[in-house]
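Comments concern the structure below.
The values are calculated or read from the model by the stated rules, or taken from the named source; none is laboratory data. Bear in mind the structure is a predicted one, so any value in this text is a computation, not a measurement. Cβ: placed from backbone, ideal geometry, glycine included. Neighbour counts: every protein chain shown. These area figures cover heavy atoms from the full protein model, side chains too; ligands, DNA and RNA do not enter into them. Shrake-Rupley method; radii C 1.70, N 1.55, O 1.52, S 1.80 Å.
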Amino acid sequence: MTIPHQKPNSLRSGPDLSGHFGPFGGRFVAETLMPLMLELDEAYKKAKADPAFHEELSYYLRDYVGRPSPLWHAKRLSNALGGAQIYLKREELNHTGSHKLNNVMGQILLARRMGKKRIVAETGAGQHGVATATVCALFGLECVIYMGAKDVERQKPNVFRMHLLGAKVTPVTAGAGTLKDAMNEAMRDWVANVDSTYFLVGTVAGPHPYPAMVRDFQSVIGDEARMQIQEQTGRLPDGIIAAIGGGSNAMGIFHPFLDDVDVPLYGVEAGGLGLDSGETAASIARGSPGVLHGNRTYLLQDTHGQITEAHSISAGLDYPGIGPEHSWLNDIGRVNYVSATDQEALQAFQELTRLEGIIPALESAHAVAYARTLAPTMGTDKNLVVNLSGRGDKDVPTVAAHLGVQL
Amino acid sequence: MSRIKACFDALKAEGRGALIPYLEAFDPDRDTSQKLLNAMPEAGADIIEVGVPFSDPSADGPTIQLAAQRGLKAGATLAGVLDMVAQFRRTNDHTPIVLMGYLNPIDHYGVERFCQEAARSGVDGLIVVDLPPEEAGIIRPHTKANALDLITLTAPTTPDERLKAILADASGFVYYVSITGITGTNTATEDQLTQAMTRLRRATDIPVVAGFGIRTPEQARTASRITDGAVVASAIIKAMAATFDDGQATDASVPTALGHISRLSKAVRNA
């Protein structure tokens, strides 16, 4: 979270004091939660300014999470694509198998500072739920995870992991039973238990200060990658690619590079069955600005401002919104938001597994899928960093089903 | 004088608080909810809260969530809700109507256009659950220009100094969310309400009404005696929903809701 290379007029100085990134972000919550949001903002500011907090976080990141994560030159994949060299930022090697623990570790230390004894969280694929249940086990805190009933069904291994870790997993049947409904239910729990409870948000969305705080905790990805790629290649990369649901792994790897304006950044939304199929999760490509879950951002919505259901093969990208800082970075043109379909993600999943011996999460496979499109258009002397945000063990049953294999 | 001010002035003269029943627009269909709305004053409603269905009602409990889903399924839109109010105004020019909902449908409609059309339809006030005073600047100029009251919400968690700050801009009445929780769940005790009112009275002179968790006639009587009015929502919706057949209204639906409102009204009037 140290920022040695920040410049004046930096793109990295947002949000403003009230939590806005340009027209996006903010704090759109019920009054019951508003005092708590102000308190959280203060508590986070204090922690951020306290060297002891950073020291404690560094200790847990190194000895418990397993950081730094390596940057792997994927030579066989690069050769197969016949263009730019692909470097994988191996976030899947973190404890619990994804980038999620970076943020969760930061927030749980903050929750402990605030004296909170009970943790609630929402989860889509279950990666954030597992990460949250893990730190609750580590620190002996009560943990309640809200998960859409449909996601509970398609992510059974993660549900069982959360049970083993001592968390209570509450399936949410309201709406379509996916991530947005789990988020609503977590907010309802929080509003009913404000005194005792800390809401551990898993992505760079929600009311201020969550988008900025989660980004700060995830920026360790980009800080490391920025040093590692320079160590390995002697210069900054020619592009960075990351998958986007809410957008925390992308924000984490992008943020330390925002002021390196010659480094193109690519955020890959989940195209689902195709951008114009009506079955997509691409909030920027097919959405419009609106207000949901505490922030103003791009949302999938109908002509009456009702939120529509997202679709993606990947439960972790199945969300009709995106973090507000991404919305801003889109509008100012700093990040290119592109998409990959379910089918492209499945192909990338299989290719990476065969060529590099790394089974990616279906979320991360979207980033690999876009690398497969982009790399061949670039010279072999160019370098692309791809954020491999999670491992794919949890997705094996889903992929098997799509390939017509009965397990 | 605004209908809301006139209403509270008259109630003050009567020496009682307001009964404020809630209905979810288009639940379970447009005709049924229009009939219910039109008949509510006769059953004893002093002010009516009309809920605008939203796909993601994150401050609402299961009863209102389901009502909103039924309303959306029946084709509820913001324009449709305004049209319901306009129809109501053809036969009633005195009962204040306050719309309650979430920001996104209003934002998508366009806040300026919405405020103009709401005022023209006969809406008196707006409660926007997820629009705290810090963000209300996007709509306040338009509510003011169209003489709509933007109702300020307060909660048990709101500290005294914040109460003063956010109530400086309050108009119409103050909505006190009497529990930390979602609609239709816990109920505040008499002591809790009394203490809250002491805090609120120090911060504002305008009427204060209590909502969230007020179900029974006795609870409505207590709340309306301690504060200036009681909002009852989930209990009425639940009673009406029990009469539905496969999600559709039956002959018993509107009379059941009105019967519930009458009992609440009697209790409030005999406080």
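The table that follows gives values for the structure above.
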item: Accessible area per residue in Å² at 1.4 Å probe, computed on chain A; result: 34 Å²
item: J(HN,Hα) series, the stretch A:33-47, from Karplus relation 6.51 cos²θ - 1.76 cosθ + 1.60, nearest Hz, glycine and proline x; result: 8, 4, x, 5, 5, 5, 5, 5, 4, 5, 4, 5, 4, 4, 4
item: The stretch B:159-225, relative contact order [Cα under 8 Å, separation at least 6], %; result: 43 percent
item: Cα gyration tensor, the protein assembly as shown - rounded (a/c under 1.5), prolate or oblate; result: prolate
item: For residues of B:124-135, the mean tally of beta carbons on other chains within 10 Å; result: 5
item: Cβ neighbours within 10 Å from other chains - mean over A:21-29; result: 3
item: Rg over Rh, two decimals, the stretch A:208-250 (C-alpha only, Kirkwood Rh); result: 1.06
item: For the stretch A:305-348, residues shielded by at least 50 square angstrom of accessible area compared with the chain on its own, probe 1.4 Å; result: A:Q306
item: Reduction of at least 50 Å² in accessible surface, 1.4 Å probe, comparing all protein chains with the chain by itself, residues of the stretch B:69-114; result: B:N104, B:H108
item: Charged-residue dipole, Cβ positions (Lys, Arg, Asp, Glu), the protein assembly as shown about Cα centre, Debye nearest 20; result: 820 debye
item: Alpha-carbon centroids, the stretch B:221-244 and the stretch A:305-351: separation in whole Å; result: 43 Å
item: HN-Hα J in Hz across the stretch A:256-272 - Karplus 6.51, -1.76, 1.60, θ = phi - 60°, x for Gly and Pro; result: x, 9, 4, 7, 7, 5, 8, 9, x, 10, 10, x, 9, 7, 7, x, x
item: Packing-based order for A:177-188, A:111-122, using average beta carbon neighbours within 10 Å, highest first; result: A:177-188, A:111-122
item: Accessible area of chain A belonging to carbon and sulfur atoms, whole % at 1.4 Å probe; result: 53 percent
item: For chain B, accessible area per residue (1.4 Å probe, heavy atoms of protein chains only), Å²; result: 39 Å²
item: Global geometry of the stretch A:304-407, whether rounded, prolate or oblate, following the gyration tensor of its Cα atoms and the 1.5 cut on a/c; result: oblate
item: Pairwise burial B:A, computed as accessible area of each alone minus the pair, summed, 1.4 Å, Å²; result: 2700 Å²
item: The stretch B:3-269: C-alpha gyration tensor shape, a/c 1.5 cut-off, then a/b vs b/c; result: rounded
item: Contact order relative to length of chain B, as percent, for alpha carbon pairs under 8 angstrom and 6 or more apart; result: 23 percent
item: Relative contact order computed over chain A (Cα-Cα under 8 Å; 6+ residues apart), in percent; result: 21 percent
item: Orphan Cys of the protein assembly as shown, criterion: no other Cys C-beta under 4.7 Å; result: B:C7, B:C115
item: Amide proton proximity set for A:Y337, modelled H, under 5 Å, gap of 5+; result: A:G267
item: Cα centroid of the stretch B:99-157 to Cα centroid of the stretch A:207-268, whole Å; result: 38 Å
item: Accessible surface of the stretch B:3-269, 1.4 Å probe, proportion on carbon and sulfur as whole %; result: 49 percent
item: Listed residues B:I48, B:I166, B:I127, most fluctuating in chain B (Gaussian network, C-alpha, under 10 Å); result: B:I166
item: Cβ neighbours within 10 Å from other chains - mean over B:53-65; result: 6
item: Listed pairs A:K116/A:K150; B:K12/B:K266; B:K12/B:K238 exceeding 25 Å between Cα atoms; result: A:K116/A:K150; B:K12/B:K238
item: For the stretch B:3-269, with +1 on Lys and Arg beta carbons and -1 on Asp and Glu, the positive-most of B:S265, B:A147, B:A239 along the dipole; result: B:S265
item: Chain A - share of DSSP beta bridges that are antiparallel (%, nearest 5); result: 30 percent
item: Quarter of the Cα convex hull surface for the stretch B:195-257, i.e. its orientation-mean projected area (nm²); result: 5.2 nm²
item: Subset of B:K35/B:K144; A:K89/A:K156; A:K48/A:K117; A:K48/B:K144; A:K100/A:K156 violating a 29 Å alpha-carbon distance limit; result: B:K35/B:K144; A:K48/B:K144
